[in-house]
Protein chains: 2
Amino acid sequence: MKDRIRYAPLRDKVTDPATAARHIQDGTNLFISGFTAGYPKLIPRELVRRASAGETFKINLFAGASTGDSVDGILAEAGVVAWRRPYMSDRTMRQQINADLIKFKDDHLSRLAGQVRAGDWGAAHVAVVEAVAVTEKGHLVPTMSVGNTPTYVREAEKIIIEISPESKELEGIHDIYIPEDPPYRMPIPIYRTGDRIGKPFIEMDPDRVVAVLLSDAQDSCAVFAEPDQVARQMAAHILDFVRHEIKQDRLPPTLPWQSGVGDVANAVLSGFMADDFYRDLDIYSEVLQDAVLDLIDMGKVRAASGSSMTLSHHARERFFNELYRYKEKIVLRPVEISNSPEVIRRLGVIAINTAIEVDIYGQVNSTHLTGSQMMNGIGGSGDFLRNGALSFIVTPSTAKDGRVSAIVPMVSHVDHSEHSVDVVVTEHGLVDTRPLTPRQVAEQVIKKCAHPDYRDMLWDYFQRAIHSHGGHEPHLLDEAFDFHNRYLVTGSMKG
Amino acid sequence: MKDRIRYAPLRDKVTDPATAARHIQDGTNLFISGFTAGYPKLIPRELVRRASAGETFKINLFAGASTGDSVDGILAEAGVVAWRRPYMSDRTMRQQINADLIKFKDDHLSRLAGQVRAGDWGAAHVAVVEAVAVTEKGHLVPTMSVGNTPTYVREAEKIIIEISPESKELEGIHDIYIPEDPPYRMPIPIYRTGDRIGKPFIEMDPDRVVAVLLSDAQDSCAVFAEPDQVARQMAAHILDFVRHEIKQDRLPPTLPWQSGVGDVANAVLSGFMADDFYRDLDIYSEVLQDAVLDLIDMGKVRAASGSSMTLSHHARERFFNELYRYKEKIVLRPVEISNSPEVIRRLGVIAINTAIEVDIYGQVNSTHLTGSQMMNGIGGSGDFLRNGALSFIVTPSTAKDGRVSAIVPMVSHVDHSEHSVDVVVTEHGLVDTRPLTPRQVAEQVIKKCAHPDYRDMLWDYFQRAIHSHGGHEPHLLDEAFDFHNRYLVTGSMKG
């Protein structure tokens, strides 16, 4: 393992987690690598050990995005997190955020690195980053994600490295580029999905490295469900619609695709597999999941760009067995580049993101259950929805065995306004809102997207809103949340 | 006037409005120049004449943004508008939009031109554009706005030109650049506010010109109120805050400014005048108003970029008297460039936009009164708020003599989510939401921004929401709109 530290002076800094973690004390601003994958494993464990041994301290934890149980989960449980930014998806951490025990602020992922460089988040006391190697000149080769690590490493006063047992062959898959900040920024020179514009390593000042740990811990694997009927139907609606737009000459045939995180996103990309119309795909996304490997294997991918890879156990094995082949197609970038509004709009990305609920006028709630309870965060959905050439918002029409309708009179929280959403999709159908007034959107969303069990209730609300208040977007403010309130009282949105 | 048509063959196409307007019939998609200024005047008047004479027809009207009474007002009144896109600010048109008599869809201004080129709005049957001249090669020199005119001229099947009596000296103030569309788009090469990247005219195929009209009609002038106490206080809060951020080294001292349309926006820029800290200003905005000329006269402006100029009668006179001098500082661009997310983020614009209401968590309503009634539209606020380096949302704390609070428990419509708003400003104070959780935002917005008359009611809502539902962003969905409902019933939000 030590031979992975090709910059010899850093070999002397190899130590044990307990020694390394002493640099982290009460009040430390801790900036870690990690974006669904590629997070440090040893230091979080050591912090938990200290807390269990009775030490009292709190850290402010900043990552690339979510990190899963092995960081967010155990640290939250140990009660050592004061602040957490941005996006997380761990159950324990979520509970503590909603109980105001952990302070959380949800940001567009594309904006964070610049804010850290501007000093908006305070001093970067310590960065803890996972790497597969340190180069001859003392630079870092990251693991399965890039996230905000380049900026964290640049800004941190002290750096702790966890050398990962992940394959050294990952070297070369990353493309690291930190843009200048305004007013001296120049265009980000990505013109095609696969363009490489930076270096395959993260530049680092080795003098700020205070400890190097040799790790044997791997990322926990993703578990993807086989796409169910609902996911397959939603994917089919999207692929049919895009095919139609391309055939009508309203959409060029070669725009890149983005698909959010999770089962539905994976299902949409899987939908490409059986569809001969789609070949030579460009994928300009945030998180690359199993389906991307499948599509590469079928010869359907020209280039796939993201900030991280989250793979199932099975896909991981394939990936590492033939890494040389996948590296020709895949590039991993900092999240401020993968999610860059400039690049997303230039390339004309077709963006597909999921919602918790959508209202009849196309306003989207991506983050809060019944208006108050944080789910995971906005993540990159705003970056892609707002800037894509064509943006889909996708949700199964119901949740909780039909007791919750994902189509509601008014969403209980808005993350994306109707102005940023082009097409609403459920398993029942799809509405292209672009040529429609809000009233026309409502009519079609109720008829085509809502679950049949809720259509009459939604229609009744819509009609009474028209006749009572009227207006461009008729609402009855005294019953806009009746669906939600009924659910809170009875456990079901049904009458 | 005819000598302004320097491309001789077009002189033969000079005709009268009645003849020209025959190209516009029932069902015509009519694309006009105009973005608060620079709209055609003769053709709208002729269409109204035909309607008054008993002819029955409806057009679909597309502009750059608002056009005022002389287009939107009279055409709405004549009942000849079927569809209108985007943004408008005319009272009669607004009433008809809210009564669903005119179909209206509100779009981010930066996206429109590309959608027209993609064919999303249907065939561009006729473009009617105002110009101060036609060049020797048959290209167009626009008047006081650029808006979407370059794309409308490129896409239109037929073009009607209104030669304006406005000074020929405007030639050279415009910078016309139409980006390629995805997937072939390259970076938009603006690196500094004043950069010129295109041509001083709109390229046009003169063979598609079906009529040229010689006009003696001018834009109606803007009327700006002297900044009142409230506007001056809000401006002072913003300037103090930015000064502080610059002194703390969290913001570079030379970022460009954007300020929305109207009195408050004008007041903010006026605030620079008496403030010695601010010099060498760059203004990268949408609409340039009187204050920009004042600042240029004081020697405080390095460059001012926009898509249009809206001036008061007095400022107009000054502007045209010394146009040669103002042209050195001012550049007018297509709205897809003035509002380009790519450029706004690259330059690091400080964005100031106004709201109808803001809620305690920083969600913003820019468009709909009591959730249902369209005011003007989202315009460019989303383009700037979402992509600026620092974004302010500004509103007087009350409206309607104090009977309406602009700070509410939950906004009745969301255009901009809390993730896209950095700082909330009223005359009472300012809250920088960036380092705060939603609960901390609520606490501070209630204490610092809300009008004292409403603070107790807001605090009561907030506290009960915490103790009842809790969560990351506590809300009581059964009384979130009590302020609005009370106003609808009693005419006041007060208890």
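For this structure, a couple of remarks:
- Computed over the protein assembly as shown, the per-residue total of -39500 (n - 2.57) for DSSP H runs of n ≥ 4 gives a 222 nm mean residue ellipticity of -8000 deg cm²/dmol, rounded to 500.
- Estimated at 0.36 nm per residue, the fully extended path between residue B:181 and residue B:322 surpasses their Cα-Cα distance by 47.0 nm.
- Relative to its residue count, the range B:390-448 spans a Cα convex hull of 89 Å³ per residue.
- Estimated vicinal HN-Hα couplings, Hz - the range B:459-471 in sequence order (Karplus 6.51, -1.76, 1.60; Gly, Pro = x): 5, 4, 4, 4, 5, 5, 5, 4, 7, 8, 9, x, x
- Each other copy holds its own label point for residue A:274; taking that point as 7 Å from Cα along Cα to Cβ, the gaps run 7.1 nm, nearest first.
- Relative contact order, percent, the range B:215-312 [alpha-carbon distance under 8 Å, six or more residues apart]: 29 percent
- Set B:329/B:400; A:13/A:168; A:41/A:105 screened for pairs whose C-alpha atoms are more than 30 Å apart: B:329/B:400
- Vicinal HN-Hα couplings computed from phi for the range B:313-329 (Karplus, 6.51 cos²θ - 1.76 cosθ + 1.60; Hz; Gly/Pro x): 3, 5, 5, 3, 4, 4, 4, 6, 5, 10, 4, 3, 6, 5, 4, 5, 9
- For peptides B:406-413, B:208-215, sequence by mean Cβ density within 10 Å, most packed first: B:406-413, B:208-215
- Dipole magnitude for the protein assembly as shown: about 940 debye, using +1 per Lys or Arg Cβ and -1 per Asp or Glu Cβ, origin at the Cα centre.
- When both bridge partners sit in the protein assembly as shown, DSSP labels roughly 25% of those beta bridges antiparallel.
- The Cα atoms of the protein assembly as shown give a gyration tensor whose axes a ≥ b ≥ c have a/c of 1.5 or more with a/b greater than b/c, which makes the shape prolate.
- For A:51-60, mean number of other protein chain Cβ atoms within 10 Å: 0
- Dipole-positive endmost among B:426, B:396, B:451 within the range B:382-453 (Cβ charges, Cα centre): B:451
- DSSP beta bridges confined to the range B:173-309 are antiparallel in about 10 percent of cases.
- Within the range B:362-423, all pairs of alpha-carbon atoms sorted by distance into 5 Å bins from zero give the percentages 4, 17, 27, 27, 17, 6, 1.
- Most to least packed among B:444-457, A:239-252, B:262-275 [average Cβ atoms within 10 Å]: B:262-275, B:444-457, A:239-252
- Cα centre as origin, Lys/Arg/Asp/Glu Cβ charges: chain A dipole, Debye: 600 debye
- Computed FRET value (nearest 0.05) for residue A:58 with residue B:225, which takes r as the C-beta separation and R₀ as 41 Å: 0.20
- Using a probe radius of 1.4 angstrom, the carbon and sulfur fraction of the accessible surface of chain A is 49%.
- Listed values for the range A:34-49 are Karplus-derived 3J(HN,Hα) couplings in whole Hz (6.51 cos²θ - 1.76 cosθ + 1.60, θ = phi - 60°), namely x, 7, 6, 9, x, 8, x, 10, 6, 5, x, 4, 5, 5, 5, 4, and x replaces Gly and Pro.
- Chain A shape via C-alpha gyration tensor axes, a/c threshold 1.5: prolate
- Within 10 Å of the Cβ of each residue in B:403-416, the mean number of Cβ atoms contributed by other protein chains is 3.
- When DSSP beta bridges are restricted to pairs lying wholly in chain B, around 25% turn out antiparallel.
- Accessible area buried at the B-A interface, both sides summed, 1.4 Å probe (Å², nearest 100): 6800 Å²
- In terms of its C-alpha gyration tensor, the range B:233-337 has a prolate overall shape, because the principal axis ratio a/c (a ≥ b ≥ c, square roots of the eigenvalues) is not below 1.5 and a/b outweighs b/c.
- A Förster radius of 56 Å combined with the Cβ-Cβ distance from residue B:486 to residue A:207 puts the calculated FRET efficiency at roughly 0.30.
- Highest average first, the peptides B:480-486, B:127-133 ordered by how many other beta carbon atoms sit within 10 Å of their residues are B:127-133, B:480-486.
- The range B:343-410 - percent relative contact order, Cα under 8 Å, separation 6 or more: 43 percent
- Rolling a 1.4 angstrom probe over the protein heavy atoms with all chains in place gives the protein assembly as shown an accessible area of 33 Å² per residue.
- Between this copy and the others, label points of residue A:299 are 7.1 nm apart in ascending order, each placed 7 angstrom from Cα in the Cβ direction.
- Put simply, the amide H of residue A:209, placed in the peptide plane, has neighbours under 5 Å in A:159, leaving out anything fewer than 5 places away on its chain.
- Hypothetical label at residue B:168: residues of the range B:113-152 whose amide nitrogen lies under 20 Å (7 Å Cα-Cβ projection): B:130-145
- Average partner coverage of B:248-260, which counts Cβ from other chains inside 10 Å: 2
- Sequence-separation-based contact order of chain A, relative, with Cα cut under 8 Å and 6+ spacing, percent: 14 percent
- Compared with the dominant Cα axis of chain A, that is its longest principal axis, helix A:229-247 is turned about 80°.
The values are calculated or read from the model by the stated rules, or taken from the named source; none is laboratory data. Computed from a prediction, not measured in an experiment: that's the story for all the values here. FYI the Cβ positions are ideal-geometry reconstructions off the backbone, even for glycines, and counts take in every protein chain you see. Only protein heavy atoms, including side chains, enter the accessible area calculation; ligands, DNA and RNA are left aside. Shrake-Rupley method; radii C 1.70, N 1.55, O 1.52, S 1.80 Å.
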